[in-house]
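Some notes on the structure that comes next.
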Amino acid sequence: MITGTPKPIEEIMEMIESYDNIILAGCHGCVTVCRVGGEKEVQVLASTLRLAREASGKPIKIREVSLERQCDPEYVEQMRPYVEDYQAVLSIACGAGIQFLAEKFTTTPLLPGINTGFLGVTERQGEWAERCQGCGDCVLHLTGGICPVTRCAKSLFHGPCGGSVQGICEVDKSVKCGWQLIIDRLKALDQMDNYTKFKPFKGWSSARDGGPRRIIREDMI
Amino acid sequence: MLPCTGRIDESLLLKAFENGADGVMVVGCLEGDCHYVSGNIRARARVKRVYDILDKIKIGPDRIRMYNLSAGEGSKFAAYANEFVERVRELGQSPINRVRAGQAHAVSQKEAT
C-alpha cells in the first residue's frame, strides 16, 4: 500500500488560515488501511479543525467527504457538483490522489493534509515498512523475494558492502542489511546459485530516473 | 450510553466538545475485565489520542479523562463523577464555550440597544 503520516495540525491550520469554508476529502484506498486518510480520519480532523478555529474566534465550515479512491476519475468526478462552492480542498489522500484532484478541479486550491510515505507493508499494527521502490524491472525471483533496490540502503546488486556488520546496515542500527537477508533466504531456499550468477548492470530507464512514468496497456484501451 | 467503551472513537469524543461539553468523562470496565476482551484498552488509546489533540489545539487536555471501574462500584462511580465535575469547574468553560458566550452576549447587547 501507499503509506503516509498526518501533517502536524499547526501546519494544516496555517494552510487553511485564509479560508472560511473548505472540503476535507479522504480516500477509501491505501490511506484508510494505514489509518491516515480514511473516513474516520476525515471525521477526527474535521472536528479538530472546527474546534481549533472556533476557539480562535474564526470558525470554519468543513464539508466532510470520503471518496472510494482519489486516484480514479469516476470517483473524483463525484465532487464536481459542489467543489466550486468551497474555497479550497484539503485532501488527506496520498500525493497521487491530491494531484489528481488538482488536475480535475483547476480553479480550486488543493492542500495536502498528510505527508505521503512509501510503498510498504504493515509489519504490526501502527508500524509500516518500505518494501518496493517501483523501479519497473523486478528481480525478486533472483533474490529470494527480498528487494535489493529497497532493502539495501545503497541499492547494491551484487552482495553486501563493507558496512554490513552482523546483519545490520551501517546506515542505521535499526535497519537490517538487505543483502544479509537475501543471502540467508537464498540459503534457506537452496538457491545460492542465484547469488553467484553473473548479472549485467541494471537498466534504470524503467525507474524514476527518466522522469514521471506512464503505463499504457493497449489491450485495455 | 454505549454498551462498551470499545465503541468510542476519537470523532465521538471530539463531537462532544463541538456540541458544547466543557469536559468528557469516559467510564469503562476494569482493565483485564472487558466482556469484549479489549474494548476498554482500545478506548484508553483513543482517549489518549484525543487528550493529545486537545492539548495541541489549546482546548486543554485535562478536559478529558478515562476512569475504569466495575458495574458493582456505584459509590466509586459517584466519587469519580464528583471529582471530574469539580476538576472541570476549576478549569471553567471550554474556549469554545467562552467564544460562543461572548458572541451571544454581543448579540443580546446589540438587541438591547
### Query
Residues in the stretch A:203-221 that are touching a Cys at 6+ places or on another chain (Cβ under 9 Å) and either exposed (fewer than 12 other Cβ atoms within 10 Å of the Cβ) or assigned by TED's automatic domain parsing to the domain that holds A:Gly159 (or both): how many?
0
#### Entry: Residue count, the stretch A:198-218 (criterion: under 19 Å from A:Val139 (Cα atoms) and in a helix (DSSP H, G or I))
2
### Message
So, restricting to helices (runs of 4 or more DSSP H) that lie completely within the stretch A:1-120, which ones have at least 1 residues that are surrounded by 19 or more Cβ atoms within 10 Å (Cβ to Cβ) and either within 14 Å of another protein chain (Cβ to nearest Cβ) or in contact (Cβ under 8 Å) with a residue 60 or more places away in the chain (or both)?
### Response
A:9-15, A:30-33, A:39-55, A:80-83, A:95-104
### Query
Which members of the stretch B:1-46 meet the condition of being of a type in the set (Asp, Glu), over 16 Å from B:Ile59 (Cβ atoms) and within 14 Å of chain A (Cβ to nearest Cβ)?
B:Asp9
### Subset of the stretch B:86-113 (residues that are within 13 Å of chain A (Cβ to nearest Cβ) and without any contact (Cβ under 8 Å) to a residue 24 or more places away in the chain)
B:Arg98, B:Val99, B:Ala101, B:Gly102, B:Gln103, B:Ala106
#### Entry: All positions within the stretch B:3-27 that are within 14 Å of B:Val88 (Cβ to Cβ), in a loop (DSSP other than H, G, I, E, B) and not charged (D, E, K, R)
B:Gly20, B:Ala21, B:Gly23
### Query
In the stretch A:149-180, which residue that is closer than 12 Å to A:Tyr195 by Cα and part of a helix (DSSP H, G or I) is nearest to the chain's Cα centre (by Cα)?
A:Trp179
### Query
Just one of the numbered conditions (1) outside any loop (DSSP other than H, G, I, E, B); (2) within 14 Å of another protein chain (Cβ to nearest Cβ) is not true of B:Tyr80; which one?
(2)
### Summary
Residue count, the stretch A:127-140, condition more than 15 Å from A:Cys30 (Cβ to Cβ) and without any contact (Cβ under 8 Å) to a residue 40 or more places away in the chain, comes to 3
### Message
Tell me the residue from B:Ala112, B:Ala78 that is of a type in the set (A, V, I, L, M), at pLDDT 95 or above and more than 30 Å from A:Met13 (Cβ to Cβ), please.
### Response
B:Ala78
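One line per residue, one yes/no per condition, for (1) free of Cβ contacts under 8 Å to residues at least 12 places away in the same chain; (2) under 30 Å from A:Ala96 (Cβ atoms):
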| site | (1), (2) |
| --- | --- |
| A:Glu123 | yes, yes |
| A:Leu142 | no, yes |
| A:Pro160 | no, no |
| A:Gly210 | yes, yes |
| A:Arg214 | yes, yes |
### Query
Among the numbered criteria (1) in a helix (DSSP H, G or I); (2) more than 14 Å from chain A (Cβ to nearest Cβ); (3) closer than 25 Å to B:Met1 by Cβ, which single criterion is violated by B:Ser70?
(1)
### Pair list, Cβ < 7 Å and 6+ apart or interchain, from the stretch B:58-85 residues that are surrounded by 12 or more Cβ atoms within 10 Å (Cβ to Cβ) to residues that are part of a strand (DSSP E or B) and among the basic types (Lys, Arg)
B:Phe84/B:Arg65
### Query
If you go through the stretch A:74-127 one residue at a time, how many are closer than 11 Å to A:Gly4 by Cα and in contact with a Cys (Cβ under 6 Å, 6 or more places away or on another chain)?
3
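The values are calculated or read from the model by the stated rules, or taken from the named source; none is laboratory data. Owing to the predicted nature of the structure, the values given are computational and were not obtained by experimental measurement. Here Cβ is always computed from backbone atoms with ideal geometry, including for glycine, and neighbour counts include all displayed protein chains.
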